[in-house]
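As C-alpha cells, the structure follows; a few thoughts come after it.
No value in this document is a laboratory result; all are computed from the given coordinates. No experiment lies behind these values; they were computed from the predicted model shown. Positions of Cβ are generated from backbone atoms using ideal geometry, with glycine treated the same way; all protein chains shown enter the neighbour counts.
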Amino acid sequence: MFNYFFKNLNTLFLTCALAFISIANAQEVRVIDNKGTIDTILKQTTAERYDTNGEVEITNNELIIPFNAPGIIDLNDYTTTTTSITIKKAGTYRVTYRVTAQITSGTSRSGTEYILLKNDVVVPGSYSAAYHRISGFSKDTASASRILDLVANDVLKVRGKRYAGNNNTTIQTVAQGSSFLVERIK
C-alpha cells in the first residue's frame with residue numbers, strides 16, 4: 001500500500017512538472033495518468049496571412065480583404081486562401097486582424113470600416129474603423145481581436161468598405177500593413 005501511494009504521488013509530481021514546463025514553453029500540455037499513459041490535452045496552433053502588396057482599393061462596396069502571403073500555418077489544423085482561414089478542429093481560438101489603408105489620390109476626408117465574418121455572418125464585437133484625412137497624411141490602421149469557440153469547417157474572413165468620403169478619392173491598403181491571425185488557445 002505504501003509503495004502504491006508513492007507511485008501515484010510520483011506520477012502526480014511528474015504530471016505537474018510536465019504541465020508547467022509545457023505551459024512555460026508555450027507548447028503542448030500533456031498529462032500522465034496513473035498507468036503511465038501520456039495524453040496531449042492542448043496543442044496551440046497558428047494560421048497567419050499578411051499583405052505584402054497593398055494597393056487593394058477600398059470602395060463604398062463591401063470587399064473581402066485579401067492577405068496575399070502565407071505566414072506560419074499549421075496545415076493539420078487550418079486551410080487558407082488569400083481571403084479566408086478555415087478551421088479543421090473544434091476549439092477556442094483568438095482571431096485578430098488589422099488593416100492599414102491610405103488615400104492615394106483625391107482630397108475628400110474618408111472613413112473605412114472592417115468586420116470579421118464567420119461563415120459569412122458578422123462576428124459581434126469585431127468592428128473597427130479608420131479615418132483618412134488627405135493624401136500624404138492619411139495612413140491609419142484598424143484592428144480587432146475576438147476569442148471564439150469554433151468548430152471544424154468554420155470559415156473566417158475580414159470584410160471592409162469605405163463608409164464616408166466621395167468616389168473622387170481613392171483609398172488603398174498599404175503594403176506590409178495588414179495581417180490576419182488565428183491562434184488556438186484551448
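Please identify every one of the chymotrypsin sites (Phe, Trp or Tyr not before Pro) in segment 60-162 that sits in a loop by DSSP and has no more than 13 other beta carbons within 10 Å of its own beta carbon.
Numbers: sites: Phe67, Tyr78, Tyr93, Tyr97, Tyr114, Tyr127, Tyr131, Phe137; in loops: Phe67, Tyr127, Phe137.
Those that pass, being in a loop and sparsely packed, are Tyr127, Phe137.
What order do you get for Thr112, Thr170 when you list them from fewest to most C-beta neighbours inside 10 Å? The partial results should precede the final answer.
Values: Thr112 24, Thr170 18.
Taking fewest neighbouring Cβ atoms as first place, the list is Thr170, Thr112.
What does the net charge come to around Leu148 if you take all other residues with beta carbon closer than 10 Å to its beta carbon, with K and R at +1 and D and E at -1?
Values: positive: Arg94, Lys118, Arg146; negative: Asp149, Asp154.
It works out to a net charge of +1.
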Legend entry - Exposure proxy ranking, count of Cβ atoms within 10 Å, fewest first, for Leu75, Leu148: Leu75, Leu148
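Of the cross-linked pairs Lys118/Lys161; Lys161/Lys186; Lys118/Lys139; Lys89/Lys118, which ones have a Cα-Cα span greater than 21 Å in the structure shown?
On the way: Lys118/Lys161 17 Å; Lys161/Lys186 32 Å; Lys118/Lys139 27 Å; Lys89/Lys118 15 Å.
Check vs 21 Å cut-off fails for Lys161/Lys186; Lys118/Lys139.
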